[in-house]
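Report on the following structure.
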Amino acid sequence: MGEISNFDYLMELNYWAGRSVQDMSQYPVFPWIVSDYSSKDLDLSNPATFRDLRNPIGWTGTDSRAEELQMRFTEMQCHYFQHYSSPAVVLYYLLRLEPYTTMHIIFQGGRFDHADRLFYSVSSAWAGVKQNLQDVKELIPEFYYLPEAFQNHNGVHLGCRQDGSMINFLDLPPWANASPYEFVYKLRMALESDIVSASLHHWIDLIFGYKQRGAEAVKAKNVFHPDTYEPKLSRKPVEIEVEVINSVDTVGQVPMQLFKKNHPERQIDLPTSNWAELNATYLTVVSNEPTPSSVNALYLLDSALYVLRDDGRVFSYPTESSPLLGKPSRRFRPQTKSFEVFQDENFSLPAIDGVTVQTPGAMAVLPYGNSAYIIQGGMYDNTIALRCLAPERVPETDRATRFLAAHSDVVTKVVVAEDGCTVVTVGRDDTILVWSVEEQVLLKLKFSIKCHADEVLDVACSTTMDLVASSSANGSLLVHSISTGDLEWSDSHSQLGKFDIVRVSPSCYVPHLLVHSRKDSATRQYSINGVLLRVLTHDRTIINIFPLAGSSQTTVFSCAGKVVIHHSFLFDTLLAHDVEEDVVSVA
């Protein structure tokens, strides 16, 4: 349950139904979800906030709409003359972005359409769907992931409406707070909400399923012009088929039918506890060492929790006997709400000779197959070490520690991308190396970044977002492309200090960068394309920041003596909890 998001599932359905962003007449189709474009706050717990997905978009609006549709079907054998997805619909929504701006002009005969017919307001577009039987436009995927589609960064003159108002950025509903990023994020939250998850299968039946055609389509008032249905093309003479294809290129086409029976309802995961009601329980790992080294990172792999220490040693703790992750322990201390673990500690990997630098960023875990590897820097000879985290899971030939020449000075940072296909290393030589992970866990150098004029302080990367973000002691922030190595954008913080922490949040509904400066105790949120979205100030020193993967949409801030869990995009505080020791890693 919950293994794929609603967005990703709809993209998969569009793909298997022959829809593609490469074909304007068969562009991916997404539903209108929200019906409230006038409220100041978007209440995703109120069913009235959402459109009724049981009915096609043409049946949205007044009760008399059903009678009109029935009359039209009796006369014309179809309910709608227009289509919910066509080249005109795609160009209507994306006219602010190239190459769609140019394509829109060509489509309209060399000029923009009349200003009052352009996509200038979300609420007006929704009102048109509800009030005009000729307007049956559904949405496109960009509404749920691409805020730039609703901004006019190219400065295109789109004209003036009859009331004299100039069309520029899209007019957004009040609950978006004039931010296209917040607009897209909240629409995506609505799409992934429990209310939509419980009814999305009805819309799938209409677009891709058994209500797409035949008697069930007639009952659902979901019948379009016969030439828009894919099987019709092969039943006509060649001359007529060419005319039909030309018509479809303009009018649109119904997706290929994927389901002949009703689509099952999504099984919704059990609701999580209220953040305000959560509490923390501590797991104290007691070591017999006279001078134990600090914990560098934690990593969960199946039935074991691996603790990576700064000197390169690794200890594992079986989760099935963990008081937090498995059966209860006898060593619970109620006065501090903590557990002590003695006997469950297993020695997994020894320390590496020659380790000279003990920094939290000099070690990272690379998942590979059913095992994982540790990539560790901080070596006297400037190499990086690659060691198998769980040797018992791999062939004996792959268990040996491998050393790889990297920088001309000690490696101080190692970062692994979320898909495990890219590794980034940073050295005291002020260079950044980007590696691709090949078969048999071989690291192949892709390119180097030597743009920083001072010590590189932190780095973050994401293969999904195609970026490597890095900061240096002179206050500069550079963002490069992983695929090409080109510099995409940069920013400077030299007047206020330096960016000490850089993080990327690729699994957020609106992916973004977080950069933190300890001098002014502020965290800045940037869009992937370099737009400063907001600044979050803190009343305590920030130790580290952990954007959580998956559907939680949360980010953990480790502060001095406290852990604070924020909403990953809006930064609402979900939970704050005092801790005895600063948190250095999250698994």
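Computed from the coordinates by the stated procedures, all read-outs in this text should not be read as laboratory data. Nothing here was measured: the structure is a model prediction, and the numbers come from that model. Please note: Cβ atoms are built from the backbone with ideal geometry, for glycine as well, and neighbour counts cover all protein chains shown.
Placing a label point 7 Å from the Cα of ARG161 along the Cα-to-Cβ direction, the residues of the range 84-118 with a backbone N closer than 11 Å are 115-118.
Fully extending the segment from ASP381 to ALA549 would add 57.0 nm, taking 0.36 nm per residue of separation and subtracting the current Cα-Cα distance.
Between ASP419 and SER123, the modelled labels are 4.1 nm apart [label points 7 Å from Cα along Cα→Cβ].
For the range 1-149, the relative contact order is 30 percent, taking Cα pairs closer than 8 Å that sit 6 or more residues apart in sequence and dividing their mean separation by the residue count. Between ALA215 and ASN46, the modelled label-to-label distance comes to 4.1 nm, taking each label 7 Å out from Cα in the direction of the beta carbon. Normalised by the number of residues in the range 100-209, the mean separation of alpha-carbon contacts (under 8 Å, six or more apart) gives a relative contact order of 24 percent. The trypsin sites (Lys or Arg not before Pro) of the range 149-191 include none that DSSP puts in a loop with a beta carbon having at most 11 other beta carbons within 10 Å. For the cross-link pairs LYS40/LYS219; LYS40/LYS130; LYS40/LYS211; LYS40/LYS562, the ones whose C-alpha atoms lie over 31 Å apart are LYS40/LYS219; LYS40/LYS211; LYS40/LYS562. Applying 0.36 nm per residue to the separation of SER490 and SER436 and subtracting their alpha-carbon distance, the gain on full extension is 17.1 nm. The length gained by stretching the chain between GLU3 and VAL535 to full extension, at 0.36 nm per residue less their Cα-Cα distance, is 188.3 nm. In this label model, THR464 and GLN267 are separated by 2.4 nm, measuring between points 7 Å along each Cα→Cβ vector. Shown here for the range 154-206: chymotrypsin sites (Phe, Trp or Tyr not before Pro) in loop regions (DSSP other than H, G, I, E, B) with at most 15 other Cβ atoms within 10 Å, namely PHE169.
When you filter the GluC sites (Glu not before Pro) in the range 1-73 for DSSP loop state and at most 13 other Cβ atoms inside 10 Å of their Cβ, you are left with GLU3.
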